[in-house]
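The values are calculated or read from the model by the stated rules, or taken from the named source; none is laboratory data. Fair warning: this is a prediction, and the values are worked out from it, not measured in the lab. A quick note on method: Cβ atoms are made from the backbone with ideal geometry, for glycine too, and the neighbour counts reach across all protein chains shown. Side chains are part of the model used for accessible areas, which takes the heavy atoms of the whole protein and leaves out ligands, DNA and RNA. Shrake-Rupley method; radii C 1.70, N 1.55, O 1.52, S 1.80 Å.
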2 protein chains.
Amino acid sequence: LSKGCLGVFDSGVGGLTVLRELLNVPIAYDRVLYFGDTGRVPYGSRSAETIIQYARQDVHFLLEMGAEEIIIACGTVSAAAMDDLRREFDDIPLTGMIEVSARAAARATQNGIIGVLGTQATIRNGAYQRQLQAINRDFRVISTPCPLFVPLVEYGFTGENDPITRLTCQRYLEDIRAGGADTVILGCTHYPLLAPFIAECLPGVTLINNGIEVAKALACPEESAGAPRVEYFVSDDSAAFDRNAGIFLGSSRQVRSTRIDIERY
Amino acid sequence: LSKGCLGVFDSGVGGLTVLRELLNVPIAYDRVLYFGDTGRVPYGSRSAETIIQYARQDVHFLLEMGAEEIIIACGTVSAAAMDDLRREFDDIPLTGMIEVSARAAARATQNGIIGVLGTQATIRNGAYQRQLQAINRDFRVISTPCPLFVPLVEYGFTGENDPITRLTCQRYLEDIRAGGADTVILGCTHYPLLAPFIAECLPGVTLINNGIEVAKALACPEESAGAPRVEYFVSDDSAAFDRNAGIFLGSSRQVRSTRIDIERY
């Protein structure tokens, strides 16, 4: 009995931190497709126009593969392309990172001061700030682009107490610390891997993880859950993706991805 | 009287450090085209197959625009795609970074120990090492991938004595320092912007700058020089490129780039 197919995509490996959380809860799907656009990563330093163009191709690919619902496991696409994607793909459920994380932050904050960390494109777009202030116009939102965070994660600067990553966090988080935020949204799917460093700079602050919030939103009753089989697709070398996937999935789960030509979609 | 058209390309803005040196010497062209593939930058963390595919499109675009000679102002493409490009485009002069910089390093070294810094793809490919040892098989070559260098430059971590960039240099350059290299090739066109940091870690070491070496190789007698007009093309937002270009060109030269769709080529 088919339970249907869920599509998940990101600009690269970061979205695996979302997939990891989705696989930790009961979901009503027995097939999950993950696409990482590793041939064109990163999206976070590109223009809105380019991000929208790439994201349209990503969605087209997942639809062609049979996805019936799509999770946009990329903070940058969620911020910069959500409206365009919803307009174009209006007959399929699309879930981005912004709404669920903004709602979680709104529930968590006590003092109404909320920090948002994201890529340049995410922060420039202002989607988190708009969503938070739509929930409560009195929220004070402190947004900081953290463009070096993704390379620090991707190039292995995440060892315990790495001084380069500590210094970078101190610099990027200074405004949020000084502003007294009690809740901070990790607005990019790479950032959970820096959570220990961020928590050290911001003691006592609640960190909101996109993946955990999306998983809560998607969880279904145990009895309707599938036992999802995951298929992985990438737009660059699959061996490199397969080697790194475990770091982001947080498990020794064996990953064997298939390379596709995303420029065709 | 037309003197012809030179094409220059890079994965993004880095190649402007090469263009800068080319514009400092007399060259036999009166039209120079620069293409930066800002919509798909960086190349240095991608597979050889993807780098070759992207570079072929970059060359096709420049040829279609009228280029009669092409400078590959990108260390990664020079290392990973040169043979394929020469095979495919065998009726046009193509100059990469490897040969000129390897020859300059071979001339400069006294002790025969040469360091090579580059992106992951450049170092993995081993092109610099092969070229150096083809010149002198007794050279000892110490190669180090420095993947965080490009983001450090692109995201503005180049202020005087920036402690994050200093620590990163110390870490990446440790093997070359300990190995006693007296000459180091800056094997990526972004790296000249980190030269003060690299020099601080490696006192007394000669740094080889790709752009300067290519400019020496291309320089012509003053009397045959053109007064080149430069046209800039990019594959992402042109305003962002135009804003950052001055940092790489090292001048207040006004840049107005045109956006093109590189996936069409």
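Here are the numbers for the structure shown:
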item	result
Residues (closer than 19 Å to B:Leu19 by Cα and either touching a Pro at 6+ places or on another chain (Cβ under 6 Å) or open to solvent by less than 10 Å² (accessible area, probe 1.4 Å) (or both)) located in the stretch B:80-97	B:Gly96, B:Met97
Every pair of residues 6+ apart whose Cβ atoms lie under 8 Å, when the first sits in the stretch A:235-251 and is farther than 17 Å from A:Pro42 by Cβ and more than 8 Å from chain B (Cβ to nearest Cβ) while the second is open to solvent by 50 Å² or more (accessible area, probe 1.4 Å) and assigned to a helix (DSSP H, G or I)	A:Leu249/A:Arg20; A:Gly250/A:Arg20; A:Ser251/A:Arg20
Counted residues, the stretch A:152-162 - those being open to solvent by 20 Å² or more (accessible area, probe 1.4 Å), more than 7 Å from chain B (Cβ to nearest Cβ) and not acidic (Asp, Glu)	4
Filter result (in contact with a Phe, Trp or Tyr (Cβ under 6 Å, 6 or more places away or on another chain) and open to solvent by 30 Å² or more (accessible area, probe 1.4 Å)) within the stretch A:206-232	A:Pro228
All positions within the stretch B:117-171 that are out of contact with any helix residue (DSSP H, G or I) (no Cβ under 7 Å at 6 or more places or on another chain) and under 22 Å from B:Thr17 (Cα atoms)	B:Gln120, B:Ile123, B:Val150, B:Glu154, B:Tyr155, B:Gly156, B:Gly159, B:Glu160, B:Asn161, B:Asp162
Residue satisfying all of: in the stretch A:2-28; part of a strand (DSSP E or B) and in contact with a Cys (Cβ under 8 Å, 6 or more places away or on another chain); nearest to A:Ile247 (Cα to Cα) among these	A:Asp10
The stretch A:100-151, residues that are within 14 Å of another protein chain (Cβ to nearest Cβ), open to solvent by 10 Å² or more (accessible area, probe 1.4 Å), part of a loop (DSSP other than H, G, I, E, B) and in contact with a strand residue (DSSP E or B) (Cβ under 9 Å, 6 or more places away or on another chain)	A:Thr119
Whichever residue in the stretch A:46-66 is in a loop (DSSP other than H, G, I, E, B) and open to solvent by 10 Å² or more (accessible area, probe 1.4 Å) and, among such residues, is farthest from the other protein chains (Cβ to nearest Cβ)	A:Gly66
Given (1) over 17 Å from B:Phe248 (Cβ atoms); (2) within 14 Å of chain A (Cβ to nearest Cβ); (3) hydrophobic (A, V, I, L, M, F, W, C), number of the condition B:Phe197 does not satisfy	(1)
Near pairs, Cβ below 6 angstrom, 6+ apart or cross-chain, from the stretch B:158-182 (within 30 Å of B:Arg107 (Cα to Cα)) to any residue that is part of a helix (DSSP H, G or I) and open to solvent by 30 Å² or more (accessible area, probe 1.4 Å)	B:Thr158/B:Leu193
Candidate set: the stretch A:29-40, residues that are hydroxyl-bearing (Ser, Thr, Tyr) and assigned to a loop (DSSP other than H, G, I, E, B); chosen: the one surrounded by the most Cβ atoms within 10 Å (Cβ to Cβ)	A:Thr38
Yes/no for A:Tyr43 being open to solvent by less than 10 Å² (accessible area, probe 1.4 Å), at pLDDT 95 or above, outside any helix (DSSP H, G or I) and within 14 Å of chain B (Cβ to nearest Cβ)	yes
Qualifying residue in the stretch B:2-9 (condition: at negative phi, open to solvent by less than 40 Å² (accessible area, probe 1.4 Å) and among the charged types (D, E, K, R))	no
Residues (out of contact with any strand residue (DSSP E or B) (no Cβ under 7 Å at 6 or more places or on another chain) and at pLDDT 95 or above) located in the stretch B:1-15	B:Ser11, B:Gly14
Breaking point among (1) open to solvent by 20 Å² or more (accessible area, probe 1.4 Å); (2) at pLDDT 95 or above; (3) in contact with a helix residue (DSSP H, G or I) (Cβ under 6 Å, 6 or more places away or on another chain), for B:Gly250	(2)
Options A:Thr206, A:Thr165: the member that is farther than 30 Å from A:Arg31 by Cα and within 14 Å of chain B (Cβ to nearest Cβ)	A:Thr165
Helices (runs of 4 or more DSSP H) fully within the stretch A:153-243 counting 3 or more residues that are under 22 Å from the mean Cα position of the chain (by Cα), closer than 23 Å to B:Leu167 by Cβ and at pLDDT 95 or above	A:163-178, A:195-201
